[in-house]
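Note sheet for the following structure.
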Amino acid sequence: MILIFLQSSVFSLNTLVTLKVLESNERDTMAISLKLIPHLLAWFGIVLILLRGFAGRRSVVTVASIAGFVIGVTGTCILFRSFPVAIPFVVVKSALGVSFLFLWGASIAAIYRSTGRGITIFQGERRGNFPLGAGIAACMASIVAGAICTCGLPAAGSTLLTLLLLAVAAGALAYALAYSAQALDKLLPNSYTVSLSGMLVAVVALLLCSSSSLLRLDLFSPLSMKVMKGVHDFVHQFMESILIPDHLFIRSYIWKFIGLLFGKEVGFWGGLVIWFIPALLIAMAIGFERLPSVAHLRQGAKRRTVMAAAIRERRCRLVIPLLSVVVFATAAYQSSFPSVEYWDPKPLPITADQSGEITIPKKGEIDLEDGKLHKYLFKQGGREVRFFVLMTPAGQLTVDLDACAICKPDGYGQAEGSVICYYCKTLIPLDTVGKPGGCNPVPVAFSVKGENVVIDGITLVNSWSTTVQATARVKEGGK
Amino acid sequence: MSENIIETNGLTRNYGDICALKPLDLQVPEGEWLSVMGHSGSGKSTLMNLVGGLDRPSAGSLRVGGKDLLALTEDGLARFRRESVGIIFQQHHMVPYLTAVENVMMAQYFHSVPDEAEARSALERVGLGHRLKNRPGELSGGEQQRVCIARAIINSPKLLLGDEPTGNLDHKSTIMVMELLKELRAEERFTVIMVTHNQEVAAWGDRTIYLDDGVLVREERTAG
């Protein structure tokens, strides 16, 4: 119940805060501070659950949580500071991904341990409730939480002094929150206990929930993307392995069916299956578990009491895997619909002059250098081409097709610090827009003549025809 | 000497201005068959309800099976009732659209989990093996009361309470029910407290107490 309450609080607060930030439309300090609230609340929940789970180790958990949070905040800041602009996010994201994978695996193992009778998975499991075990768990979860919180901050080039100040501020904040959690924990009745498995699931769920609300730390979309690509590659590899060049022999009506496999829905549901199948299998294993033998008990009422206790215990054990399924599903669902609204302007119709050149003034009715995505629609010879002009944060103008070479051309929207492919939901950092490859928008050659951006109309149409229209046919099941 | 299963000290129950049970001190040893007699309104059913955990006293102390019933919460009291007490009423209070065996299984359901084989065997013990699938309306008064006995003992209670269980029965059925209770008590070793107006029924007990206007006025041991 506590977990569900925390989950819903985090979600609703996150929505409110995001709306607030969007309303203000400015990255001022207040807006950023507000945006941190859901993450801090999630961390508060983690500390509370750990305090409850490691009853009797409250001081260790509190100290380790505070220390872990400060390490997470400063560590991520150092990463931001040490690497060039584009790299740190990959490092942070990978580190977080590995930590998540570890925590997720540990929680699944803990669930299994709590359900499989007499099976030991963790060596030295009894040490789990010792100060060292409690401290490590609290520290690890807090490092991840601290890193997630810091990712919400703008990646400013911080000096050593600001870094020090940030560490002190993080320490003070963590101190206040951890001791509030301790105070709340003391108010809760002793009958509310959290098992090791329940604790791990709750912590992972809250971390996942917190990270999924950060646009660039969303972990589920990449998973579904991988599934989608895996299915796509498998079909082609399978064809090639039986020496049938699929593109030549398979007719278009067959591709209409095979093409269904390459849809984003397959990626989404495939991702869900991978994500949830261990918890569901465990739930099923518990559901089909044999009840204890009561044949040796003479008195019927006693037999039934033992049986009822076993059924009740089985139901209680089912709660954790089922709850994990619910919270992971909620986080995955939220992850599929990032809470940030996209800047998605309607494409403006544009024409070429007699020499076939499209000329767009840099400073006219529209300011091309305002850092926003500006979409245009160019029609020639019955063909329609969508493209956009964008000034990257590095100050370079770029002209790109409103489509990539991989996905169906659903186009791009602009989010905070990135553009997003509407088809596969991949986020592309603004700094890499204009570079070819992958899910990046296909760059188009252009020139700047005086105060105008000039694009060759024929090049634009050819680029769209060669890279995009073929992709569109494949993705729609045509060939 | 056996321990007391029921111990009351100054047990009182008031309903507004009416004092249904005046301070009562009573001890019932484990395994005893206690008959409670008295006129209408003398406090017999009130005592029964208090001992069975169906009602709470206004004052005094009440321990049943070592449990202080005043200290129990509503949930605790419900658990006490389903685990420790079996009750047979004069009105049978059976579910009319359920069969005899289903009525017995209902008690199992509220206790722990239903077990049809055990419910059938309980009905066979009370001589109703041939009436398992009959609904209450298809059974005679004596047969219905025997279903109630099977229902009351199915959860192996420590205490069996009977609130005029033979009040609606003819002489032959009364004897049959009493003999059945005596037999079951010998096997299961539960304590019986039975409220009755009938001197002949009271004589089946080990001891009889007499209540008058909420006060214990007399008690006597049954000869033999």
(message) I'm checking a number: the convex hull volume of the Cα atoms of the range B:4-221, normalised per residue, in Å³. What is it?
(response) 117 Å³
(request) Just tell me which aspartates and glutamates come within less than 14 Å, Cα to Cα, of B:K22; anything on the same chain fewer than 8 places away is out. (result) B:D212, B:D213
(request) Have a look at B:V28, B:V95, B:V147 and tell me which one the Gaussian network model of chain B (Cα, springs below 10 Å) gives the largest fluctuation. (result) B:V95
(request) Go through the range B:203-220 residue by residue and turn each phi into a ³J(HN,Hα) via Karplus (6.51, -1.76, 1.60, θ = phi - 60°); whole Hz please, and just put x for glycine and proline. (result) 5, 6, x, 7, 8, 10, 10, 10, 9, 9, 6, x, 10, 6, 9, 7, 9, 9
(message) Using Cβ contacts closer than 10 Å as the measure, can you line up B:H111, B:H130 from fewest to most?
(response) B:H130, B:H111
(request) Can you check what the net charge comes to around B:A117, using other residues whose Cβ is under 12 Å from the Cβ of B:A117 (Lys, Arg +1; Asp, Glu -1)? (result) -1
(request) Would you please give the residues with an amide H less than 5 Å from that of A:N452, counting only those at least 5 places away or on a separate chain, with H modeled from the backbone geometry? (result) A:K362
(message) Taking 37 °C and 0.692 mPa s as the conditions, I'd like the Stokes-Einstein D for the range B:171-224 in µm²/s, using the Kirkwood hydrodynamic radius from alpha carbon pairs.
(response) 265 µm²/s
(request) Please list the non-local residues whose amide H lies under 5 Å from the amide H of B:W33, H modeled 1.01 Å from N, same-chain partners needing a gap of 5 or more. (result) B:V192, B:D206, B:R207
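Which chymotrypsin sites (Phe, Trp or Tyr not before Pro) in the range B:97-185 sit in a loop by DSSP (not H, G, I, E or B) and have at most 11 other Cβ atoms within 10 Å of their own Cβ?
Passing sites in the range B:97-185 are B:Y97.
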(message) Please list, ordered by chain and number, the residues whose modelled amide H lies under 5 Å from the amide H of B:N4; skip anything fewer than 5 residues away on the same chain.
(response) B:E30
(request) Could you list, in their original order, any pairs among A:K226/A:K372; A:K363/A:K449; A:K346/A:K379; B:K44/B:K158; A:K375/A:K449; B:K67/B:K158 whose Cα atoms are separated by more than 24 Å? (result) A:K226/A:K372
(request) Mind checking the range A:336-414 for GluC sites (Glu not before Pro) that DSSP puts in a loop (not H, G, I, E or B) and that have at most 15 other Cβ atoms within 10 Å? (result) A:E341, A:E365, A:E369
(request) Determine the shape class of the range A:348-475: with a ≥ b ≥ c the square roots of the Cα gyration tensor eigenvalues, call it rounded for a/c under 1.5, and otherwise prolate if a/b is greater than b/c, oblate otherwise. (result) oblate
(message) I need the phi-derived Karplus couplings for the range A:348-363: 6.51 cos²θ - 1.76 cosθ + 1.60, θ = phi - 60°, integer Hz, Gly and Pro marked x.
(response) 8, x, 9, 10, 9, 7, 5, 7, x, 9, 9, 10, 10, x, 5, 10
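We did not get these values from a lab; they are worked out from the coordinates using the rules stated. This one's a predicted model, so the numbers in the text were calculated from it and none came from an experiment. Glycine also receives a Cβ, built like all others from the backbone with ideal geometry; neighbour counts cover every protein chain displayed.
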